[in-house]
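Engineer: Here it is: the structure, laid out below.
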Amino acid sequence: MDANDTNASEPPSPSADAANPSASPSADSVSPSGTSSSSAAPSASASPSALASPAASTDEATPAAPPSPPPPSPSPRAGIAALSPRYQAVAALALALVAVTACVHIGMLFLHVAPANTMTKQHGQAVDDWIYPEFEQNWKLFAPNPMQQNIAVQARAQVRTEDGTTRTTGWYDLSAADGAAIDGNLLPSHTQQNELRRAWDFYVAAHDTQNRPRGLRGQLSEQYIRRIAMMRVERAGALGRGATIERLQVRSRTTNVSPPDWSDEKVSTKPSLRQLPWWSVTDDDMPLGKASGPEGDAR
């Protein structure tokens, strides 16, 4: 027997592939029919959902996120913010001016009604010029003995007609006109309630019994009552077409209010008259815009 026969009878030695487990044939083997089989293949009893891929099952379980809403549009600007920068500056300046004026007015009213102090002693004239006559404060409502009189202010005028003649009108009851405007009016104006009444009180307090003014307040009260009377007479239609007022006269008729029946007080109800001298009307007494017109030039 030769050496070749000896080698053929010996069993074959394991190859390097058999010695290395990692190099062993794959778990997938080819069946005799030529198809590939796998030891890890799922059993025939596996459900169809188990055969689906993990990615597909995840997409089915998680719903799609809704689209985000668009950002809200900015609301349009309103008020001063809607103006251009130039007009914003003008509006801010106007508001600042109104605020300063209001503060000054409140301060003047406070100094006017406050007791005498250092400020009123040094700047009392400035306070009076600001307050009188339009903003004068009156506390008679809280007085122990309030006014118990009816005062009617009346006026008449001497006018020059268009043909050059002069005539005198009758007496016009200015207080009665205010009373008629207030009667039945739920919201009467401050002018109808207080303008004429306060102007006459101001005049009486600033003049003596001989109608002589007491200083600057007396002159101011005279101009004030004269201007009011002149405008009221013109408004009543006393002049006529083309006529102008040359002189004006004012009087008052004061009557005490009768006491109630249960009172023992005795007062006279006889009216008392106070008639002022004639006043010559000047351009300063005319409303603005009339003094420079034809009527003002005629004077």
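Engineer: For the ranges 106-113, 230-237, what's the packing order if you count other beta-carbon atoms within 10 Å of each residue, average per peptide, and put the highest first?
Structural biologist: Top to bottom by mean Cβ count within 10 Å: 230-237, 106-113.
Engineer: On full extension of the chain, what length is gained from SER258 through GLN125, given 0.36 nm per residue of separation minus the C-alpha to C-alpha distance?
Structural biologist: 43.9 nm
Engineer: Here is a further query. Between rounded, prolate and oblate, where does the stretch 111-268 land on the alpha carbon gyration tensor, with a ≥ b ≥ c its root eigenvalues, rounded for a/c under 1.5, else prolate if a/b exceeds b/c?
Structural biologist: oblate
Engineer: I would also like to ask the following. Could you state the accessible area per residue of the stretch 63-138 in Å², with a 1.4 Å probe and every protein chain left in place?
Structural biologist: 80 Å²
Engineer: Also: Using θ = phi - 60° and the Karplus curve 6.51 cos²θ - 1.76 cosθ + 1.60, what whole-Hz ³J(HN,Hα) does each residue of the stretch 87-104 get, with Gly and Pro shown as x?
Structural biologist: In residue order, the calculated couplings are 6, 4, 5, 5, 5, 5, 5, 5, 5, 5, 5, 5, 5, 5, 4, 5, 5, 5 Hz.
Engineer: I would also like to ask the following. Explain nothing, just compute: Karplus ³J(HN,Hα) = 6.51 cos²θ - 1.76 cosθ + 1.60, θ = phi - 60°, for every residue of the stretch 112-117 in order, whole Hz, x for Gly and Pro.
Structural biologist: Once rounded to whole Hz, the list reads 5, 8, 6, x, 4, 8.
Engineer: Which whole-number value in Å² is the accessible area per residue of the stretch 148-268, probe 1.4 Å?
Structural biologist: 58 Å²
The values are calculated or read from the model by the stated rules, or taken from the named source; none is laboratory data. Being a predicted model, the structure only gives us computed values, none of them experimental. Virtual Cβ from ideal backbone geometry, glycine too; neighbours counted across all protein chains shown. Just the protein is used for accessible areas: all its heavy atoms, side chains included, with ligands, DNA and RNA removed. Shrake-Rupley method; radii C 1.70, N 1.55, O 1.52, S 1.80 Å.
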